[in-house]
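*Asks:* Structure in C-alpha cells, see below.
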Amino acid sequence: MTKEQIKDIKKLLSTPQNIVIIPHRNPDGDAIGSSLALYHFLNKAHRVTVVAPNDYPNFLKWMPSSNKVRLFDKQNKQSKKALENADLIFLLDFNALHRIGDDMQKTVEKLKTTFIMIDHHLQPDMSITPYVYSDTSICSTCQMMYHFFELLDAVNKIDSDIASCLYTGIMTDTGSFRFPSTTSTTHRIVADLIDKGANNAQIHNNVYDVNSYGKLQLLGKALSNLKVVQEYRTAYITLSQEELNAFDYQKGDTEGVVNYALSLKGVIFAAIFIEDVEQKIIKMSLRSKGSFSVNKFARAHFNGGGHDNAAGGRSEKSINDTVSYFLSLLPNYKLDLEKSDEK
Ligand code: 5GP
Ligand code: MN
C-alpha cells in the first residue's frame with residue numbers, strides 16, 4: 001500500500017462512513033479476529049457491520065461483539081442491505097472474491113464502492129481494487145491489521161477488545177506461535193497486545209480447552225483412520241460423512257486434525273479428506289514442512305490454494321476416488337517431497 005493510498009484512507013475515515021467488513025467463507029480465528037478487531041477500531045466513529053459469508057466455530061464466539069457478526073447465508077436481507085449501503089468495504093484474510101462463496105460473490109461484485117483488501121495469502125487478485133495491502137510473509141491478517149493501525153498512526157487506539165481479537169488470530173494462524181511465519185516482530189506485537197489488555201492464558205483456554213466429548217471421539221476416529229505413505233513422506237486422514245454424523249460433528253471440530261498427520265516423524269506432507277454430502281464435495285486441508293508447496297499442489301489439482309505450508313482444496317469425486325487420485329499424484333512429486341526439508 002502506497003503513502004498516497006494511506007493518505008486517501010485516512011481522509012476517507014476522517015468523516016463518518018457506512019463500512020462493511022467481510023472475512024472469507026468458513027471464517028477461522030484470523031478472519032474473525034481481524035474482522036472484529038477492525039470493527040472495534042472503526043465502530044466509535046462509523047456505522048460498521050461485519051458480514052461473514054457463513055457461520056464460524058463456537059470456540060470463537062466468546063470474542064467481544066461476536067454477536068454483532070451478520071451471516072450472509074442466514075441473515076441475507078440484512079446483510080445485502082448493509083452491503084448495498086456501504087461507502088467502504090474491507091475484505092479481510094482472503095485474496096479473491098470466490099473465497100466468499102458464489103452467492104455473496106454475485107452480490108459483492110455488483111457493488112460500486114471502495115474496497116480495501118488486507119490479506120496474507122499468495123497470489124492476490126489485484127483486479128478487485130487498487131487498495132490492496134498484501135504481504136505473504138506475514139503470519140496472519142491479524143498481524144497485518146496491527147501494521148495497518150501503525151500506518152494510520154493509531155496503535156494507541158488499540159484497546160483490550162481489539163488486542164484480544166488480534167491476539168486470537170495471530171495465535172490460531174501461527175499454531176500457537178510455532179510455525180516458521182512466527183517472527184520476532186510477531187512476538188513483539190503479541191507482547192504489546194498483552195500490555196494492551198489481551199488476556200493470553202484466558203484466550204488459549206477459550207479457544208483450545210472447550211472441546212466437546214464428540215469432538216475428542218471424532219479425533220480418535222480420525223487418528224485411527226490415519227495412513228502413512230512412507231515412500232513419499234506423506235500421511236493422510238479421511239473422515240466420511242457417516243463418521244462425522246456418528247460423533248455429532250459440529251463446525252470447527254476437524255480444525256487442526258491434519259496437523260496430527262504432519263506431526264509424525266519423517267512426514268513432511270499431510271492431508272485430510274472430509275466428506276460433505278450436502279455440498280457434494282470432499283473438502284481437503286493440506287499441510288507441509290519445508291519447501292514443498294501445498295499451495296501449488298492444491299491449485300494444480302484440487303481447485304484450491306492458500307499458503308506454501310497450509311492450503312485447502314476440494315474434489316467432486318467420491319472420497320475413495322479422491323484419495324486414489326491424490327495417491328496417484330505423489331510419484332510426480334517424489335523429488336520435491338524428498339528434498340523438502342533440505343536447506
Ligand atoms: P484450512 O485447511 O485450514 O481450511 O486452510 C488452510 C489455508 O488455505 C487457509 O489459509 C485458507 O484460507 C486456505 N484455503 C483453504 N481452502 C481453500 C480453497 O478452497 N481455496 C483457496 N484459494 N484457499 C483455501
Ligand atoms: Mn489468515
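The numbers here are math on the coordinates, done by the rules we state, and not lab data. Remember, it's a predicted structure, so these values are computed and weren't measured experimentally. In this analysis, Cβ positions are derived from the backbone assuming ideal geometry, glycine residues included, and neighbour counts consider all displayed protein chains.
*Asks:* Please work out how much length the chain gains when fully extended from Lys265 to Gln241, using 0.36 nm per residue of separation minus the C-alpha to C-alpha distance, in nm with one decimal. Display every interim value, and only then the final one.
*Replies:* Details: separation 24, 0.36 × 24 = 8.64 nm, distance 2.90 nm.
Between Lys265 and Gln241, full extension yields an extra 5.7 nm.
*Asks:* Quick one: if you stick a label point 7 Å off each Cα along the C-beta vector at Gln17 and Gln78, how many nm between them?
*Replies:* 2.4
*Asks:* Based on DSSP, what percent of beta bridges with both residues in the chain are antiparallel, to the nearest 5?
*Replies:* On the way: 19 of 44 bridges.
Given both bridge residues lie in the chain, the antiparallel proportion sits at roughly 45 percent.
*Asks:* Then there's this: For helix 29-42, what angle does its Cα long axis make with the longest principal axis of the chain, in degrees from 0 to 90 and rounded to 10?
*Replies:* Taking Cα atoms only, the helix is inclined about 0 degrees.
*Asks:* Rank these for me by crowding, Thr238, Thr172, Thr129, going from fewest to most other beta carbons within 10 Å.
*Replies:* Working: Thr238 20, Thr172 24, Thr129 14.
By the 10 Å Cβ count, ascending, the order reads Thr129, Thr238, Thr172.
*Asks:* Next question. In debye to the nearest 20, how big a dipole does the chain give about its Cα centre with +1 on each Lys and Arg Cβ and -1 on each Asp and Glu Cβ? Display every interim value, and only then the final one.
*Replies:* Working: 39 positive and 39 negative charges, 86 e Å.
About 420 debye.
*Asks:* Quick one: Debye curve from the alpha-carbon atoms of the range 249-306 only, equal weights, vacuum; give me log10 I(q)/I(0) at q = 0.25, 0.26, 0.31 Å⁻¹ to two decimals.
*Replies:* -1.11, -1.15, -1.29
*Asks:* Quick check on the exposure proxy: order Cys139, Cys165 from fewest to most C-beta atoms within 10 angstrom.
*Replies:* Values: Cys139 24, Cys165 32.
Ascending number of Cβ neighbours within 10 Å: Cys139, Cys165.
*Asks:* Now a separate question. Put a dot 7 Å past each Cα toward the Cβ at Val155 and His204; how far apart are the dots in nm?
*Replies:* Those two pseudo-labels are separated by 2.4 nm.
*Asks:* Based on the inverse mean of 1/r over its pairs of different Cα atoms, what is the Kirkwood hydrodynamic radius of the range 213-339, in Å? Provide the component values of the computation, followed by the final result.
*Replies:* Numbers: mean 1/r = 0.0690 Å⁻¹.
Result for the range 213-339 stands at 14.5 Å.
*Asks:* Among Asn76, Val267, Ala201, which residue has its Cα furthest toward the positive end of the charge dipole of the chain, with +1 on Lys/Arg Cβ and -1 on Asp/Glu Cβ?
*Replies:* Asn76
*Asks:* Using a Förster distance of 45 angstrom, determine the FRET efficiency expected from the C-beta separation of Ala45 and Asp321, and round it to 0.05.
*Replies:* Working: r = 53 Å, r/R0 = 1.18.
Approximately 0.25, to the nearest 0.05.
*Asks:* Moving on to the next point. Suppose we keep just the DSSP beta bridges with both residues in the range 186-343; what percent of those would be antiparallel, to 5? If you can, show how the numbers build up before the last one.
*Replies:* Values: 19 of 25 bridges.
So the antiparallel bridges amount to about 75 percent of the total.
*Asks:* Order of Ile170, Ile189 from fewest to most other C-beta atoms within 10 Å?
*Replies:* Details: Ile170 30, Ile189 23.
Lowest to highest Cβ neighbour count: Ile189, Ile170.
*Asks:* Can you give me the distance in nm between label points at Ala300 and Glu109, each placed 7 Å from the Cα along the Cα-to-Cβ direction?
*Replies:* 2.9
*Asks:* Plugging the Kirkwood radius over Cα pairs into Stokes-Einstein for the range 159-229, at a temperature of 25 °C and a viscosity of 0.890 mPa s, what D comes out in µm²/s?
*Replies:* Details: Rh = 13.9 Å.
Value of D from the Cα-based Kirkwood radius: 177 µm²/s.
*Asks:* So between Asn332 and Lys7, what do we pick up on full extension, going 0.36 nm a residue minus the alpha carbon distance? Don't jump to the answer; show the numbers that get you there.
*Replies:* Numbers: separation 325, 0.36 × 325 = 117.00 nm, distance 4.86 nm.
Length gained between Asn332 and Lys7: 112.1 nm.
*Asks:* Here's a follow-up. Just need the Rg to Rh number for the range 3-208, please, alpha carbons only, Kirkwood Rh.
*Replies:* Values: Rg = 15.7 Å, Rh = 16.8 Å.
With Rh from the inverse mean 1/r over Cα pairs, Rg/Rh is 0.93.
*Asks:* In addition: Hey, what number do you get for the chain at 222 nm if only DSSP H runs of n ≥ 4 count, each worth -39500 (n - 2.57), divided across all residues, to the nearest 500? Show your work: numbers first, answer last.
*Replies:* On the way: 14 runs with 135 residues, N = 343.
Mean residue ellipticity, 222 nm, calculated: -11500 deg cm²/dmol.
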